[in-house]
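Data block below; observations after.
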Amino acid sequence: MGRIRLILARVFCIAALLQEGVAAEGAGLDCAKAQTAQEKAICASPELSAADDRMVAAYRAVIAAAPPEWIPELRDDQRLWIRKMGEGCPSKKPEPSVELTVCILDDEESRTRELQHMILREGGVTFIWRSVHLTATADGNGEAVPGRPDLDRGSLDASWPQAKINTPEWQAWNAAIEAAAYEMVSALDGGSGPPARGKIVWAANPGMKVDLTVSLGVVSAQLVTAPITNDWDGHGAHPNVNFIQFNWMLKEKREMKPEDFFRPGSGWDRFLQKRCDQFLHKQLDYDGNSYEEFEQPGEMAKTLHRIATEPRSWQLDAKGLTIPFEPYAVACHACTPPPMTIPWAELKPYIQPGFLIPQ
């Protein structure tokens, strides 16, 4: 009950912030009525009060930067954090402990960093990260089922950037990046992409913990890149990760095609496959065994061709073209090789004359 009183007190104290966008002052607790260890810790610690002020300021900055239509979603996300704040902190003792104070401080500072990273200005464009945080259980009552990991509580935490610019090109990118992120989550449940009519409905799956993040790479008038990483755990032998490189041609309003980057007929596909093969032999061969033995004879060449020629495998930056390898793509999970980078100097003979090399 003490934890519930603390959460309710904090919800009340920043209600104006959530509803009107006005900052609350400090922790906002009535310290004369503080009863729980958490309440007393906040009232007794100037450091906690200052941390609360920083968190509130960071939240205000996000609200100020966000388009009006995004604000309800951002407020819901903040309310959810308030409800969960301090859930894992020790609270059995009647008086605040050093451990409790440190734990609450960690929560506040972690949330402040998260809010501060929700806004990024890159390439002259302001981006704001949207997010969803969902849970689900198969039995519908929110409880885990003993002995049935497939019915355990599932969770989905996903975040992706949206450009705060109202042009057809950027609005198309906004829709496409969310769809690509959703596609990766949907594929875990046997789906193949957004629902009919383009309406995306995010949902958590029972027994599956999913953490999907999207970061920004190159942002230019020609190309916008965004690595999408999906960490998920479905009660297998170990957690899994899969990822794509989302390369978007801004003016064309579509994902990159090979001919946008490479000159057709230049032999670029054979070059990339050969470089991958050489790299993997060096990384994975041992005691006279070839990495190609991971697949049936003749199949690894097909796998490498598919990886090397797929634009969603291409991470482009100032260093060159990097091709990361997913677990199990070319070797066992524990043997997954590091990414391979090809410098621009090696790529120039194959690149389209009009393609702008990232700086």
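For this structure, a couple of remarks:
- Qualifying residue in the range 281-288 (condition: at pLDDT 95 or above, touching a strand residue (DSSP E or B) at 6+ places or on another chain (Cβ under 8 Å) and in a helix (DSSP H, G or I)): no
- Conditions (1) more than 19 Å from Ile323 (Cβ to Cβ); (2) assigned to a helix (DSSP H, G or I): number failed by Lys251: (2)
- From Trp248, Trp268, residue being more than 26 Å from the chain's Cα centre (by Cα), of a type in the set (Phe, Trp, Tyr) and modelled with pLDDT of 90 or more: Trp268
- If you go through the range 210-251 and keep only what is hydroxyl-bearing (Ser, Thr, Tyr) and buried (at least 17 other Cβ atoms within 10 Å of the Cβ), you end up with Thr213, Thr225.
- For the range 235-278, the tally of residues that are closer than 24 Å to Gly298 by Cα and touching a residue at least 12 places away in the same chain (Cβ under 8 Å) stands at 9.
- Residue ID - modelled with the lowest pLDDT, chosen from residues in the range 301-358 that are outside any loop (DSSP other than H, G, I, E, B) and small (Gly, Ala, Ser): Ala334
- Number of the exception - Trp173 against (1) in a loop (DSSP other than H, G, I, E, B); (2) modelled with pLDDT of 95 or more: (1)
- Residue list for the range 83-116, filter: of a type in the set (Asp, Glu) and at pLDDT 75 or above: Glu99, Asp106, Asp107, Glu108, Glu109, Glu114
The values are calculated or read from the model by the stated rules, or taken from the named source; none is laboratory data. What you see is a predicted model; the values in this text were computed from it and never measured. Because the Cβ atoms are built from the backbone with ideal geometry, glycine has one as well, and the counts that use them run over all protein chains shown.
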